[in-house]
Amino acid sequence: MKSELNKLFSDFVSIFFPRECGCCSCVLKYQEKFICIACDFHLPYTNFHEYSDNDTARQLWGKAPVEEACSFLLMQKDSRVEHLIYQIKYNNQPFLAEYFGYLYGLKLIEVKAYQDIDCIVPVPLHKSKLRKRGYNQSTYFGRGLSRAMEIPLREDILVRKKATISQTGKGRLDRYENVSDIFDCQATGVPANVHILLVDDVLTTGATIVSAALTLLDAVDCRVSIATLARA
C-alpha cells in the first residue's frame, strides 16, 4: 500500500516537474533512474577495466608511468554520451556524474588490478572556475566511485594553482604546453607507497590528466591509476 502511494505521489509530482533522461532528455518513467532504459541499452560502455591493454591506457603510454587506465564510456560528437557530459558540466546536473561513478565503481571492485586502490583523487578545477560553475564534476564522479568501492575520496591532495585558457581548438602539443605545471600537491598525511586512483570526467588528448599524474608521482611516494567517465 505504501509503495503504491509513493508511486502515485511520484507520478503526480512528475506532471509538474517531469524528470528527464540525462542522455536524451526524454521524460523518465517511474521505474527509470537518471537515464531511460533505451539509453542505458545503447550507451557505448567500453569494458576497458577488464584488460590493461586498452585504448585509454595506450593513449597514456610513454607520457606518465601509470599502473592502470580505463574509461567507462566512449564519446562521439552529437552522441548520447556527449549530451550526458554537457548536462553534467554545463546544465547543473553533477549528480549524473556521481551516478555513473557509482556504477563504474561496482565494476572496478570486481577487477584485481583495482582492488588495492587506497584513495581516489579528482582532477581539481581552478578556484575561479569552481566559483563560476559551482561544483567540480570530477569530484562528483569520484564520490560515486568512492561509495561503490568503499575507498576514501581525497580532495585535499591535488590543487590546481593556475587557471588555463580553453583547450578547444588547440593542437596536441599546444594542449600539453597549456597544462604544464598547473597543479600542486599537498603531501601532508599521505602514507608511503599509496595507490591513488586519479579521476576525471573526459579524456581527450590526455594532457590535463597526465600533468596531474606527474605532479602526484613527483611529490608523493605513490602509484597512480586513472579512470575517466568518458573518452573522446
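Net charge within 12 Å of residue 119 by Cβ-Cβ distance, Lys/Arg positive one each and Asp/Glu negative one each, not counting residue 119 itself? Its environment carries a net charge of -3. Solvent-accessible surface (1.4 Å probe) assigned to residue 68 amounts to roughly 40 Å². Phi angles of segment 79-90 translate, via the Karplus equation with coefficients 6.51, -1.76, 1.60 and θ = phi - 60°, into HN-Hα couplings of 9, 4, 5, 4, 4, 4, 5, 4, 4, 5, 7, 10 Hz per residue; Gly and Pro are given as x. Full extension of the chain between residue 58 and residue 221 gives 56.3 nm of extra length, using 0.36 nm per residue less the Cα-Cα distance. At the residue level, residue 129 shows approximately 100 square angstrom of accessible surface with a 1.4 angstrom probe and all protein chains present. DSSP assigns beta bridges within the chain; of those with both partners inside it, close to 25 percent run antiparallel. Using a probe of 1.4 Å, the accessible surface attributed to residue 67 totals some 90 Å² when neighbouring protein chains are kept in position. Sorting 117, 37 by accessible area puts them as 37, 117; the probe is 1.4 Å, largest comes first, and only protein heavy atoms count.
Rolling a 1.4 angstrom probe over the protein heavy atoms with all chains in place gives the chain an accessible area of 53 Å² per residue.
Of the residues 114, 51, ranked by 1.4 Å probe accessible area with the largest first, the sequence reads 51, 114.
For the pairs 77/112; 77/161; 33/89, flag any whose C-alpha to C-alpha distance is greater than 23 Å. Over 23 Å apart, Cα to Cα: 77/112; 77/161. To put it simply, the accessible area of the chain at a 1.4 Å probe is 52 percent carbon and sulfur. Annotation: amide H-H contacts under 5 Å for residue 223 (H modelled 1.01 Å from N, sequence separation of 5 or more, or interchain): 194, 195, 196. Entry note, the chain: the mean residue ellipticity at 222 nm calculated from DSSP H runs of n ≥ 4, each adding -39500 (n - 2.57), is -11500 deg cm²/dmol after division by the residues and rounding to the nearest 500. Classify segment 78-232 from the C-alpha gyration tensor, please: rounded if a/c falls under 1.5, else prolate or oblate depending on whether a/b exceeds b/c. Judged from the Cα gyration tensor, segment 78-232 comes out oblate (a/c at least 1.5, b/c at or above a/b). Compute the Cα gyration tensor for segment 29-87, then decide on rounded, prolate or oblate, letting a ≥ b ≥ c be the square roots of its eigenvalues: rounded whenever a/c is under 1.5, prolate when a/b is larger than b/c in the other cases, and oblate in all that remain. It is prolate, given that a/c is not under 1.5 and a/b is the larger ratio. Remark: accessible surface ordering of 181, 218 (largest first) is 218, 181, probe radius 1.4 Å.
Given axes a ≥ b ≥ c from the Cα gyration tensor, I'd like to know whether segment 94-146 is rounded (a/c under 1.5), prolate (a/b larger than b/c) or oblate. Note, shape of segment 94-146 comes out oblate. What you get for the chain, charging only the Cβ of Lys and Arg (+1) and of Asp and Glu (-1), is a dipole of about 780 debye around the Cα centre. Go through 220, 87, 117 and say which Cα lies farthest out towards the positive end of the charge dipole of the chain; charges sit on Cβ, +1 for Lys and Arg, -1 for Asp and Glu. Sorting the options by dipole projection puts first 87.
The values are calculated or read from the model by the stated rules, or taken from the named source; none is laboratory data. For clarity, every value in this text was computed on a predicted model and none was experimentally measured. Positions of Cβ are generated from backbone atoms using ideal geometry, with glycine treated the same way; all protein chains shown enter the neighbour counts. Surface areas here come from the heavy atoms of the whole protein model, side chains and all, with no ligands, DNA or RNA. Shrake-Rupley method; radii C 1.70, N 1.55, O 1.52, S 1.80 Å.
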